[in-house]
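Just below is one structure, and these are the notes that go with it.
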Amino acid sequence: MNPNVQKSSVVHIGDSPRRVEDHKFLTGRGQYVDDLDFPSLVYGVPLLSPHAHARIVSIDVSRARQAPGVLCVLTGQDAIDEGLGGFPPLFMPEDMGGPKGYRTSRPVLVADRVRHVGDRVAFVVAETADQARDALDLIEVDYEPLPAVVELSDASAEGAPQIWEGAPGNRCCMVMFGNEAATTDAFAAAAHVTKLELLNNRVSANSIEPRCAIGRYSGVDDTYILYSSLQNPHGARQMLAQAVLKVEEIQLRVVSPDVGGGFGMKADPYPEDAMVLWAARRTGRPVKWVPTRSESIATDNHGRDQKVNAEMALDAEGRILAIRMRSMHSFGAYVMSAAVAPLTFAVRFVPSVYNVPSFHGVNVAFFTNTCPTGPYRGAGRPEATYVCERLIDQAAHELGLNPAELRRRNLIRPDQLPYSTHTGFVYDSGNFPGLLEKALRLSDEESYPLRKGESSNKGLLRGRGIGFFIEQGGIFNDKMTLRFDASGGLTILSGLHSHGQSHATVFAQLVSDWLGVPFASVKYLQGDTDKISFGRGTYAARSSMIGSNALRIAADELIAKGKPIAAFLMNCPKDAVEFKDRLYSGPGGKQIPMTEVAKAAHIKAGPLASFGVGLEASGVWNTDPPNFPNGCHVCEVVIDPETGVVEIESYTAVDDVGRVLNPQICEGQVHGGVAQGIGQALLEQVVYDRETGQLISGSFMDYGMPRADDIPVMKTQLEEVTCKTNPVGVKAVGEAGTIGAPAAVMNAVHDALRAVGVTHLDMPATPLRVWNAIQVAKVRGQS
Amino acid sequence: MRVHIKVNQVQRDCEVESRALLSDLLRDNLRLTGTHRGCDTAQCGACTVHLDGVAVKSCQVLAVQADGSDVVTIEGLAGADGQLHPMQQAFSECHALQCGFCTPGMVMSGVDLLRTHPRPDTATIREALEGNLCRCTGYVNIVEAIRVCADRMAAKGV
Ligand code: FES
Ligand code: FES
């Protein structure tokens, strides 16, 4: 229980009570998938392809089957023989009225042709994990290697090796927004055009809890249970039951217990989720799969991986006339999960917070012999923001203007709201100019020249960059249920899923505030398809808006349902009862709390029983119209030209998240997002060998995870510009930092490096890359 | 092989394979699942425990090497009466945990840091956390929690 909250007290929106979740995690009593144990549990391990692209000529599992402790070995042919289906993409552009693309169906195990290092070829189940791993070595696979492509420019090149016969040129699908003719005209009339070619580096979510799964099967009633580290258990059930196992959804229960971070990577099921269920049926034993970190990095859906050519047209006063972009996005070997979401958002948010009179953007998805990409925190918004913000800074530099001033001239003003973009959004609210000025003040813009001078006296390069962004918080509809028990305790049954976002605290806070029930008597339930009637989980920063507004509707319905009971208890007509100041009030100053009404609603006989039994209500909220969180981030870096090391001196984030439900938790979300954005800008990249498609950055020794001393102290400020399109007024906060940070950091890095003649650098700006760029610029300067 | 080991004040006697790690012994033999495994290259620190009073990554110690030693895990950090350690309290107050997966390792590392550096500055804290990865918090509030805890413990003369 919360030590700082009295048992009886109500907690309000805007408070920061201690989190309900904390105690179990702080005392080591969380229950993550790998912490679960079942009688007669056995262990499964998949055999991963060592080739980026190869035909499977034959597989011999006979020796593995004989190995000590081995219970079964499954192959792709077994999957075909048993009629198992494959994993479809969640949606394709054609499902939203776009042009038709190539839809893959990823098999549980590959039978004929592997398409990336880490493709699953067989699954060994044994009494112990060590026995299963030992037996993996005994499987003999005869591969016929095929040429592989890992980079977008190679995959799209004439004569490139074909990954899917049905996708000529390795093109999967495309999305397009805006008006080409108008944009062409605007460019023709422009006083100035700025052009950039940008790479958005492939990164890995790397939640510290790896994905893992346990499958159980009961032959008594032909039912399965999956325990899996997932963000969306109902979605996983739907896909696994319908597309893969081909069973009824009632035959499959999916439980996502405590989940140690997801970041979009755990939004949808993976082949291993099907393998443990299938193997559980085959062996009659519960089957657990826990990967090594290297296996995680090789098989978790990655994020980003985009190559963009972008142009901005401006008039003589520095007003934006048009933006044009042509972009390629890597989907890896299969279209998995909501891969199309980042493809789309990477275009739609390019016009960002600016008044852009004409826009045209195209993004084409390509197959490569790499692990599939999917939504990763921000999903397309970091890519879009990176394009727009780099263009603006570059344009400012070319025009000899201060980057903040160029933004001032182009920001959408509050009086222009609601504002329609050429990409189909209508921004309802925001104070973009206000955010900019606040961020500049907070980051001490005024004394920057002083700091810059001090740095240069020490031979250091100082730079400053802005990352302004806007995004869509939330997607799809969802449901929340409120249910009182007979003692007046309130349970929230949530279709959303917290894996760090603090739903158990924030949602309890909301209903405590609205209904006047003690915070400590609210219980939060999620993550079990048997307990929650329906849900879509949490990703795309959707929980605050959808959850809050669905809860508001449920709470209002509870109040209405309780009214006749309250009237009966107060012995007055129903119409004389009001719910105000968190109490039912009747004539003559009579008052009854909600909990008393809830208790009365459970009385089994007598006149009260005529009101039915129990007090329960559900609310549904849909993201249409969406909300638009936005923020202005400012980063200041100092670069040592001798070593190429980029140090972040200060980071300021001013975020408009709409109504702030819990400031401490919102700020925590910003911190974590910014750290991931800094990681992408300075440290992280999934690297495959360009020729062979071998994964180079395959462990935490090789992949640059941000550590405590890479992340600066941050100044964060929350701006409450209430959202106009939902009653609670919330926007979202989950993705903010990850979206703003790469642009802010890289603009700062470029600002610093321009002084020594460096004009362009792609992420991550590692010391080696920075140092090399400085040397190249030096040589260029001399010649 | 048999390992005699004191864990969270209780003497235990375990049968382990020679290749078993201390993290395996804690998690699999003793079902103390608060000690987490987040990698296999000694990088993440989610498995940090105290071995004879010093923070170690339990995935880097063979179970047999810990024979005869005294181990404290996250489950044993709070007092017998359930009173949380000041570090645990500070983590909660400062919102230094989100998904909670790195938390046991972070708390154990934080406690160890204050043993050797009772009043660390933030640079020292950041450096000391080099071996502990967190993907959720951006470390901001973890550093703050350790600082707050240090101040509080110093004020109380703990
Ligand atoms: S599990 Fe021990 S350091 Fe990662
Ligand atoms: S709180 Fe999730 S990894 Fe640290």
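The values are calculated or read from the model by the stated rules, or taken from the named source; none is laboratory data. Remember, predicted model here, so these are calculated numbers, not experimental data. Don't worry about glycine lacking a Cβ; one is built from the backbone with ideal geometry, like all the others, and counts go over all protein chains shown.
Here are the numbers for the structure shown:
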item	result
Residue match in segment A:696-708 (condition: modelled with pLDDT of 95 or more and more than 20 Å from residue A:205 (Cβ to Cβ))	no
Selected residue (only one of A:778, A:715 is among the charged types (D, E, K, R), exposed (fewer than 15 other Cβ atoms within 10 Å of the Cβ) and more than 21 Å from residue A:685 (Cβ to Cβ))	A:778
2 or more residues farther than 26 Å from residue A:100 by Cα and modelled with pLDDT of 95 or more: qualifying strands (runs of 3 or more DSSP E) within segment A:164-261	A:192-200, A:213-218, A:223-228, A:252-255
Unique match (being away from ligand 2 (no atom under 14 Å from the Cβ), buried (at least 24 other Cβ atoms within 10 Å of the Cβ) and in the same structural domain as residue B:137 (by TED's automatic domain parsing)) among B:90, B:63	B:90
Residues of segment B:1-24 that turn out to be within 14 Å of chain A (Cβ to nearest Cβ), closer than 13 Å to residue B:61 by Cα and under 18 Å from the mean Cα position of the chain (by Cα), as a count	3
Unique match (being within 13 Å of ligand 2 (Cβ to nearest atom) and in contact with a helix residue (DSSP H, G or I) (Cβ under 6 Å, 6 or more places away or on another chain)) among B:96, B:150	B:96
Any hit, segment A:655-670, residues being basic (Lys, Arg), surrounded by fewer than 24 Cβ atoms within 10 Å (Cβ to Cβ) and farther than 23 Å from residue A:262 by Cβ	yes
Strands (runs of 3 or more DSSP E) (entirely within segment A:1-84) containing at least 3 residues that are in contact (Cβ under 8 Å) with a residue 60 or more places away in the chain, surrounded by fewer than 16 Cβ atoms within 10 Å (Cβ to Cβ) and away from every other protein chain (no Cβ under 13 Å)	A:54-60
Number of the condition not met by residue B:41 [criteria: (1) facing chain A (nearest Cβ under 7 Å); (2) surrounded by 19 or more Cβ atoms within 10 Å (Cβ to Cβ)]	(2)
Condition check for residue A:101: within 30 Å of residue B:17 (Cα to Cα) and either under 31 Å from the mean Cα position of the chain (by Cα) or in a loop (DSSP other than H, G, I, E, B) (or both)	no
Residue, nearest to ligand 2 (Cβ to nearest atom), within segment B:27-38, restricted to residues that are without any contact (Cβ under 8 Å) to a residue 60 or more places away in the chain and under 21 Å from residue A:700 (Cβ atoms)	B:37
Any hit, segment A:465-480, residues being buried (at least 24 other Cβ atoms within 10 Å of the Cβ), farther than 21 Å from residue A:657 by Cβ and outside the structural domain of residue A:552 (by TED's automatic domain parsing)	yes
Residue B:41 vs. criteria among the hydroxyl-bearing types (Ser, Thr, Tyr), on the phi < 0 side of the Ramachandran plot and within 16 Å of ligand 2 (Cβ to nearest atom)	no
Matching option when the condition is within 16 Å of ligand 2 (Cβ to nearest atom) and outside any loop (DSSP other than H, G, I, E, B), among A:508, A:566, A:504	A:504
Residue B:46 away from ligand 1 (no atom under 14 Å from the Cβ) and of a type in the set (A, V, I, L, M, F, W, C)	no
Qualifying positions in segment A:686-736 - outside any loop (DSSP other than H, G, I, E, B) and in contact with a Ser or Thr (Cβ under 9 Å, 6 or more places away or on another chain)	A:688, A:695, A:714, A:715, A:716, A:717, A:730
Residue list for segment A:249-277, filter: farther than 21 Å from residue A:531 by Cβ, more than 16 Å from ligand 1 (Cβ to nearest atom), within 14 Å of chain B (Cβ to nearest Cβ) and not aromatic (Phe, Trp, Tyr)	A:264, A:265
Qualifying residue in segment A:108-120 (condition: farther than 28 Å from residue A:688 by Cβ, assigned to a strand (DSSP E or B) and modelled with pLDDT of 95 or more)	no
Enumeration of residues in segment A:206-236 that are crowded, with 24+ Cβ neighbours inside 10 Å and of a type in the set (A, V, I, L, M)	A:208, A:213, A:214, A:226, A:230, A:236
Residue B:19, sole failed condition from (1) farther than 20 Å from residue B:113 by Cβ; (2) within 16 Å of ligand 1 (Cβ to nearest atom); (3) crowded, with 23+ Cβ neighbours inside 10 Å	(3)
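Table: residues versus (1) farther than 27 Å from residue A:193 by Cα; (2) touching a Gly at 6+ places or on another chain (Cβ under 7 Å); (3) charged (D, E, K, R).
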{"site": "A:379", "(1), (2), (3)": "yes, yes, no"}
{"site": "A:391", "(1), (2), (3)": "no, no, no"}
{"site": "A:395", "(1), (2), (3)": "no, no, no"}
{"site": "A:403", "(1), (2), (3)": "no, no, no"}
{"site": "A:408", "(1), (2), (3)": "no, no, yes"}
{"site": "A:417", "(1), (2), (3)": "yes, yes, no"}
{"site": "A:420", "(1), (2), (3)": "no, no, no"}
{"site": "A:428", "(1), (2), (3)": "yes, no, yes"}
{"site": "A:441", "(1), (2), (3)": "yes, no, yes"}
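Conditions (1) among the polar types (S, T, N, Q); (2) farther than 30 Å from residue A:756 by Cβ; (3) without any contact (Cβ under 8 Å) to a residue 24 or more places away in the chain, marked per residue:
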| site | (1), (2), (3) |
| --- | --- |
| A:590 | no, yes, yes |
| A:599 | no, yes, no |
| A:609 | no, yes, yes |
| A:632 | no, no, no |
| A:640 | no, no, no |
| A:643 | yes, no, no |
| A:649 | no, no, no |
| A:654 | no, yes, no |
| A:660 | no, yes, no |
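Residue-by-condition table, conditions (1) surrounded by fewer than 24 Cβ atoms within 10 Å (Cβ to Cβ); (2) more than 14 Å from every other protein chain (Cβ to nearest Cβ):
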{"site": "A:290", "(1), (2)": "yes, no"}
{"site": "A:296", "(1), (2)": "no, no"}
{"site": "A:303", "(1), (2)": "no, no"}
{"site": "A:306", "(1), (2)": "no, yes"}
{"site": "A:319", "(1), (2)": "yes, yes"}
